1. Look through the range A:279-293, keep the residues that are within 13 Å of chain B (Cβ to nearest Cβ) and more than 17 Å from A:G247 (Cα to Cα), and return whichever of them is modelled with the highest pLDDT.
2. Which of the numbered conditions does A:Q303 fail, given that it passes all the others? Conditions: (1) of a type in the set (S, T, N, Q); (2) in contact (Cβ under 8 Å) with a residue 24 or more places away in the chain; (3) not in a loop (DSSP other than H, G, I, E, B).
3. Restricting the search to the range B:92-132, which residues are within 27 Å of B:T316 (Cβ to Cβ) and open to solvent by 30 Å² or more (accessible area, probe 1.4 Å)?
4. For the range B:172-192, state whether one or more residues are under 20 Å from B:E447 (Cβ atoms) and hydroxyl-bearing (S, T, Y).
5. Going through A:G70, A:G30 one at a time, which residue ends up being of a type in the set (G, A, S), out of contact with any Lys or Arg (no Cβ under 7 Å at 6 or more places or on another chain) and within 11 Å of ligand 1 (Cβ to nearest atom)?
6. From the set of residues in the range A:128-157 that are within 11 Å of another protein chain (Cβ to nearest Cβ) and surrounded by 24 or more Cβ atoms within 10 Å (Cβ to Cβ), which is nearest to B:V45 (Cα to Cα)?
7. For the range B:210-230, what are the residues that are open to solvent by less than 10 Å² (accessible area, probe 1.4 Å) and assigned to a helix (DSSP H, G or I)?
8. Would you pick out the residues in the range B:575-616 that are part of a strand (DSSP E or B), over 24 Å from B:A518 (Cα atoms) and open to solvent by 20 Å² or more (accessible area, probe 1.4 Å)?
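The values are calculated or read from the model by the stated rules, or taken from the named source; none is laboratory data. Just so we're clear, the structure is a prediction, and the values are computed from it rather than from any experiment. Please note: Cβ atoms are built from the backbone with ideal geometry, for glycine as well, and neighbour counts cover all protein chains shown. Side chains are part of the model used for accessible areas, which takes the heavy atoms of the whole protein and leaves out ligands, DNA and RNA. Shrake-Rupley method; radii C 1.70, N 1.55, O 1.52, S 1.80 Å.
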Amino acid sequence: MNRFEYVRADTIADAIAALAQSAEARVLAGGTNLVDLMKYDVAKPSRVVDINRLPLKEVADTENGGLKIGALVSNSDLAWHPQIVKRFPLLASAILAGASPQLRNAATTGGNLLQRTRCYYFYDSSTPCNKRTPGSGCGAIGGVNRIHAIFGASESCIAVHPSDMCIALAALDAEVEVEGVKGRRLIPFEQFHRLPETTPERDNTLEQGDLVTAVILPATDFGSHHTYLKIRDRLSYAFALVSVAVGMTMEDGVIADLRLAMGGVAHKPWRNKVLEKTLHGAEVNKASFRHFAEEALRGAKGQGQNDFKIALARRTIVRALTQAARGTPQDQSDKTFR
Amino acid sequence: MELHRTNYDLIGKPTRRVDGELKVTGRARYAAEYPAPDLLYGVIVSATVPVGRIKTLDTKRAAALPGVVRIFTHENVRSAAWLDRKWRDEVAPPGHPFRPLHSDRILFDGQPIALVVSDSFEVARDAASLVRAEYELGDHCTELEMKRTDAYDPPEKRSGIPPPPSPRGDAEEAFERSPCRISSEYRINAEHHNPMELFGTTCVFEAPGKLTIYEKTQGSHNSQGYVTSVFGLKSRNVKVINHYVGGAFGSALRPQQQLFFAVMASLELERSVRVVLTRSQMFYIGHRPDTYHAIALAADETGRLTSIMHDAVAATSHYEDYQEAIVNWSGMLYHCDNVKLSYSLAKLDTATPCDMRAPGAAVGVNAIECAIDELCHEVGIDPLQFREINFASKDENTGKQFTSKALMSCYRDGASAIGWPKRSPMPRSQKDGHELIGFGMATGTWEASLMKATAQAKLTSDGRLEVSTAASDIGTGTWTILAQIGADALGLPLESVTPRIGDSTLPASPVEGGSWTAASNGSAVLAACEAVKQTLFKYAKTMTNSPLADADYERTVFAGGRIAHDGDHARSLSIDEVMHAADLSEIVESGKASPSLLQMRKYTSYTHSAVFAEVRVDEDLGVVRIPKIVCAAAAGRIINPKTARSQILGGVVMGIGMALHEEAMTDHRMGKIMNHNLAEYHVPAHADISDIEVIFVDEADDKVSPLGVKGLGEIGIVGTAAAVANAIFNATGRRVRDFPITLDKLITETE
Ligand SMILES: Cc1cc2nc3c(=O)[nH]c(=O)nc-3n(C[C@H](O)[C@H](O)[C@H](O)COP(=O)(O)OP(=O)(O)OC[C@H]3O[C@@H](n4cnc5c(N)ncnc54)[C@H](O)[C@@H]3O)c2cc1C
Ligand code: SF4
């Protein structure tokens, strides 16, 4: 527990000002992650800036045929929004694969992007963790690391970003709209989250005083050639061990375009754009998918308890590609992985 | 006890919980919900290392927070009882019970080291986070694997837990000469109870030395005894209330930390105090111990068992020898002439384990029933047929007769409900899309005990009956079955009966555990009602102009609020008439239940079950689904099929948890459990549970208890994990011997 100042922002400018004043100020959106972390004595904000009154609850069309999603649109509203259901079913599916209905009702788009890792050590303030307490060491290396990274880990941190929604956003080439002291800017999704390197305390590339105001989806149409396939330790209400988001376009039975992002494997959604291109023009068959999966896991490194993730990720990729190519996306309420 | 005829109008009928409305409307109060004037809030500070000594405990910053009333540590707490035995509760295992704040020694991670008391919960929690401890670290070990070679036979046996029976025949020699053999090793990871309700105590300070304690416990008398003994208080001054308990599964059998702290602070500060553990703190108050099972089995070509050997090593703490009957079941599930069983303990630097739903059987039967499946595969015999061939018609560990054992009906009805003939004996031979399909089964058993219990029945002239006994209802349905029993005994409608339980001032009762409450407290209530009936009859007979003057007690019926001649209902009197005539406002009688020692010499009683599972395993991804589980149980008379079914459902769900999900993930370098929350300690979610079919087969038993009741709290979990694991083998051809069977164990490419 920790004493903090509570500020309710009425305008975006107020919010930014309130955030910029103190390095330990934190935005409060749905609170499903921040409040938990405060109770666990992990987050110790000096000031909590409640943004729930800001006008960031709209989903609107953009000029170039995409959608702009306000940072305060709840995960539930987004997943069931008619435009999302119709045009971005991959995103809807990924959101519905996460958490529980109650949590999704409270959780927001911005909060989901900024939720923190579920690393056991990060949550337990009696253990070393560089992300929580820089310089204290990484408990997970050589410890309980079933849920940890197989890509992009460093000697300082091997945590993964836990979001499902973000994996779909990465595959969709979304952009994050940010307002800060220096004004407004757009961050391409792959540059939003970062790898831990030597500063795992930083999950993303935001600066002090930055407020996420929206997520922007470019116009994309995968028709029905997409899927979000999430593998976890129970059939619902658990974070991904491995997940795969696929968006595909097909022409004459041949893959014309492919996006594939992996979740549960790294500190950020994991994409390999160069590799994606190798499937362009490829026939749909198991051998090419297997080969792709093999390549996609090249360089993956287990930490001991999570070694199985490498084989699991390969298999999940093959299945997800198959689902997408066949036009039979994973149904999030049916627990059979067809 | 000779029973006058009891009606069976309500007993045996599916009956809604009498406390259901209170619970769903939130009016049922749990321990931490009772208001008290000037209430103080205590928050426990937990140690963060597994072994060592507290070098310094800095409470200055915490104490400086406005609103902090007192911080108790080992340095300033006034000593409670000195003698070890004063700390021993009814169900304590041998050893030195843990004494909070007794010294600077740390015995396990999560051990309470201070209590911060404040007039608000928020301040207490804030202050607790400011208490800083520095430790001198000792060496620790939390890994059972490392301590197996040091395992020992516990010198002092835990009361109520039979040690393994002595060997019979020559198991080793029989093993050697048998044509079909398997030997394998199983491991079942430690599990945590995680009942929904947090552990809480509200201690209301009535006067110096006089307390009313609202407490989460499975036994109000056990908690009362603990408090009076530890703090040297008089029994009549300490009242413990546990009307409603939001689940416990064994974790509230022993008095837990919060009780000590609430009472200690209340006595010291002369104020009412509430202490509630956090979800994380509940991971350090006892758990199902980690176990290893080395099993060797042999059979002849026809599938007759020739040898059974089961050696189990279980974890305990350094300060107590917690014991369970783990291997004994292996000697009595089937007929076998050559049996060798052994059980030993290994000490780890953790809190003492404690009973968790079907302690011993849940793991022991799980291991042996998986091994039996391996043997069936080896012999090439259908697992159901194997169990029929090797049926044990008496308890071969003791040579005693069973009071009843309708297990054959369980096998038959369960097999037909799951569609056992659909099973292919060849593993990996059934597939639908990506999913491999398999069927598995297991036998389950649990003891049916009758414990000493007392009760009181009070009949008032308005025809209302109150039945009371200090039983607990941990969600099991005790409130309801006691009302049903009372109503049927006196021939009253259910609405006319008020059960009273969960209060240490009521007639003495054992803790609510071991599945004995329905039989024991139910029988005591029945006996008390019987006494009321006899008194009532006496008055009825002697009334002037009584139509029952010539009546014979044995030939009367109590029904519809009247006493009547059997066969001539016109000759009858109402309860009201009798009591008016006798000028009585109430009749109060007591009753008791206790096991018949004479009968116990010859007979023994167990509940049995047959569990059948259908699983589907994604061949590439290792994801397991369980479309159907059937649990067919032989449990004597079922008083309330509705709540009884719920007990089995809960047991089966927990069995699925043992099979697929539940485990404490420990960082053995640090000696710490890392997944101490409900997000990361996985129990089955709704999506993991599909169809569970519960079957109660008919089982008449006139010896097990006066009502023929056996009890149902634990049997649902026993055998379930094995049935699932065996089905997974049938589906995939993979035998996973390390529980839980998480998907990584099904996709490893090495096998
Ligand atoms: C038990 C449990 C299970 C879960 N399971 C899953 C799962 O399976 N998959 C999954 O993806 N997620 C899961 N979640 C996580 C959930 O999705 C996140 O908690 C949620 O999305 C966070 O959103 P919020 O609005 O509540 O964020 P908050 O808790 O309000 O904020 C989270 C962080 O984001 C910052 N923040 C919020 N909004 C902004 C903004 N606009 N600009 C700048 N900073 C901001 C906050 O300061 C804080 O640091 C689970 C959570 C729980 C508790
Ligand atoms: S993996 Fe990262 S978050 Fe986890 S303990 Fe190491 S530094 Fe902390």
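1. Per the criteria, the residue is A:R290.
2. (3)
3. B:H96, B:F98, B:R99, B:H102, B:S103, B:D104, B:R105, B:L107, listed by residue number.
4. Scanning the range B:172-192 turns up no residue that is under 20 Å from B:E447 (Cβ atoms) and hydroxyl-bearing (S, T, Y).
5. Being of a type in the set (G, A, S), out of contact with any Lys or Arg (no Cβ under 7 Å at 6 or more places or on another chain) and within 11 Å of ligand 1 (Cβ to nearest atom) holds for just one of A:G70, A:G30, which is A:G30.
6. Of everything passing the filter in the range A:128-157, A:G139 is nearest to B:V45 (Cα to Cα).
7. B:S220, B:N222, B:S223, B:V227, B:V230
8. The answer is B:E586, B:E614, B:R616.
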